Amino acid sequence: MSPRPDLGPKPTLGYSDSRIARAAERRSDEAALRNFATDPLSRAYVIGGERIVMKQGSPVSDPLFTLAQAHALEGATETVFLGFIDGAARFGFGVMPATAEALKTRDGFHVSDLRSIAVQGLVAPDHLPPIAQAKAVLHWHARHRFCPNCGAATQPVDGGWRRDCPQCQAQHFPRTDPVVIMLAVDGERCLLGRSPRFVPTMWSCLAGFVEPGESIEDAVHRETREEAGIACGRVSYFRSQPWPFPTSLMIGCHTQALTRDIVVDRDELEDARWFDKDEVIAMLQRRHPQGLTTPPPMAIAYHIIRAWLEGEVSFD
């Protein structure tokens with residue numbers, strides 16, 4: 001067995017380990033929600049499409065607004081009750097994307113996308129999970145304003161966690177799309193792929209949506225076979241990560257490769273190849289001789305790869 005590499009302290013997995021107490025039992029209490037909205041301790045995250053509105057700060061920005069401050073920005077859409085942090089209510093406050101774009105040019109505001117906020121550390125880490133929660137639910141509202149059953153306009157209820165159709169009485173709930181993201185391993189080697197969407201140097205785990213009626217294990221097997229032509233056996237669950245781009249849950253796994261000849265699906269991947277541990281360590285440490293890299297530490301792919309390097313994976 002290779003010696004355990006010294007990769008330094010483990011970074012935090014982005015958008016995970018939320019401190020929010022979701023308080024689902026309070027969502028249907030309209031009087032309580034009105035009181036929370038006027039409580040001077042309550043705060044809101046302001047989101048316009050893919051943009052997060054923050055108050056300019058140094059070294060980090062402040063993403064929290066009072067509800068009155070949020071309403072003063074104009075262009076409001078939905079408001080979602082997220083829950084409580086240390087007894088104070090938190091909301092996701094939606095504005096039109098054009099409102100967020102316009103605020104980019106106003107003094108005192110910092111507007112950025114959530115991926116950049118996480119990678120660049122633009123807010124304190126505790127803010128990332130509730131912002132991701134708010135962004136995902138507000139995205140769902142923006143795309144489900146009409147009933148898929150009868151076509152009538154729907155209305156938000158339960159603090160923004162349901163939309164009801166007044167015509168056919170159908171109830172609609174936010175959806176999360178499960179995605180398997182896996183590292184196929186063959187002894188001292190692992191399989192990494194390149195998507196055309198990646199930055200030119202980056203290689204990562206393979207990934208794909210779980211299909212209806214499919215288990216996590218079956219999805220791991222299917223996606224690895226479809227994208228790289230590799231048959232796999234045992235699957236070991238690692239951990240999960242909310243991924244609000246727009247509403248996915250990344251299900252991290254390791255899987256045991258049974259074959260070695262790669263056949264790349266060029267419709268899905270730009271390339272795929274086997275990497276040995278020394279090369280992957282150099283990629284994580286940003287010292288690969290060809291400048292190749294892995295995803296940033298906030299992404300679950302980094303943690304999946306690192307767990308394999310540090311000997312935390314077993315198929316026994």
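The values are calculated or read from the model by the stated rules, or taken from the named source; none is laboratory data. In this text, all values refer to a predicted model and were calculated from it rather than measured experimentally. Cβ placement follows ideal geometry from the backbone for every residue including glycine, while neighbour counts extend to all protein chains displayed.
Quick check, is PRO174 touching a strand residue (DSSP E or B) at 6+ places or on another chain (Cβ under 7 Å) and touching a residue at least 40 places away in the same chain (Cβ under 8 Å)?
The answer is no for PRO174.
Tell me, which helices (runs of 4 or more DSSP H) lie completely within the range 45-152 with 1 or more residues that are touching a Pro at 6+ places or on another chain (Cβ under 7 Å) and not assigned by TED's automatic domain parsing to the domain that holds PRO295?
It comes to 114-120, 128-142.
How about the range 91-122: which of its residues are under 24 Å from TRP161 (Cβ atoms) and surrounded by fewer than 17 Cβ atoms within 10 Å (Cβ to Cβ)?
Correct list: MET96, PRO97.
Suppose we filter ALA307, ALA301, ALA282 for residues that are of a type outside the set (Asp, Glu), part of a helix (DSSP H, G or I), out of contact with any Leu (no Cβ under 7 Å at 6 or more places or on another chain) and without any contact (Cβ under 8 Å) to a residue 24 or more places away in the chain; which single one remains?
The unique qualifying residue is ALA282.
Can you pull out the residues in the range 220-256 that are among the hydroxyl-bearing types (Ser, Thr, Tyr) and assigned to a strand (DSSP E or B)?
Those that are among the hydroxyl-bearing types (Ser, Thr, Tyr) and assigned to a strand (DSSP E or B): SER236, TYR237, SER240, SER248, THR255.
Name the one entry in ARG4, ARG22 that is charged (D, E, K, R) and at pLDDT 95 or above.
Matching residue, one of ARG4, ARG22: ARG22.
Kindly indicate whether THR259 is outside the structural domain of GLY48 (by TED's automatic domain parsing), in a strand (DSSP E or B), β-branched (Val, Ile, Thr) and at pLDDT 95 or above.
no
Residue-by-condition table, conditions (1) among the aliphatic types (A, V, I, L, M); (2) closer than 15 Å to MET202 by Cα:
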{"site": "ARG222", "(1), (2)": "no, no"}
{"site": "GLU279", "(1), (2)": "no, yes"}
{"site": "ALA282", "(1), (2)": "yes, yes"}
{"site": "LEU292", "(1), (2)": "yes, yes"}
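For the range 193-238, give me the residue count where each residue is in contact with a helix residue (DSSP H, G or I) (Cβ under 8 Å, 6 or more places away or on another chain), closer than 18 Å to ALA272 by Cβ and surrounded by 17 or more Cβ atoms within 10 Å (Cβ to Cβ).
Number of matching residues: 9.
Cβ-Cβ under 8 Å, sequence separation 6+ or interchain: first residue in the range 245-270 and of a type in the set (Lys, Arg), partner assigned to a strand (DSSP E or B) and surrounded by 14 or more Cβ atoms within 10 Å (Cβ to Cβ). Which pairs?
Within 8 Å, the pairs are ARG260/ASP186; ARG260/TRP274.
What do you reckon, is PRO125 more than 15 Å from the chain's Cα centre (by Cα) and surrounded by fewer than 19 Cβ atoms within 10 Å (Cβ to Cβ)?
The answer is no for PRO125.
For residues that are over 17 Å from ARG106 (Cβ atoms) and small (Gly, Ala, Ser), scanning just the range 39-57, find the one that is nearest to the chain's Cα centre (by Cα).
GLY49
Being farther than 23 Å from ARG143 by Cα and touching a residue at least 40 places away in the same chain (Cβ under 8 Å) is true for just one of ALA24, ALA89, ALA72, ALA44. Which residue is that?
Answer to the check: ALA89.
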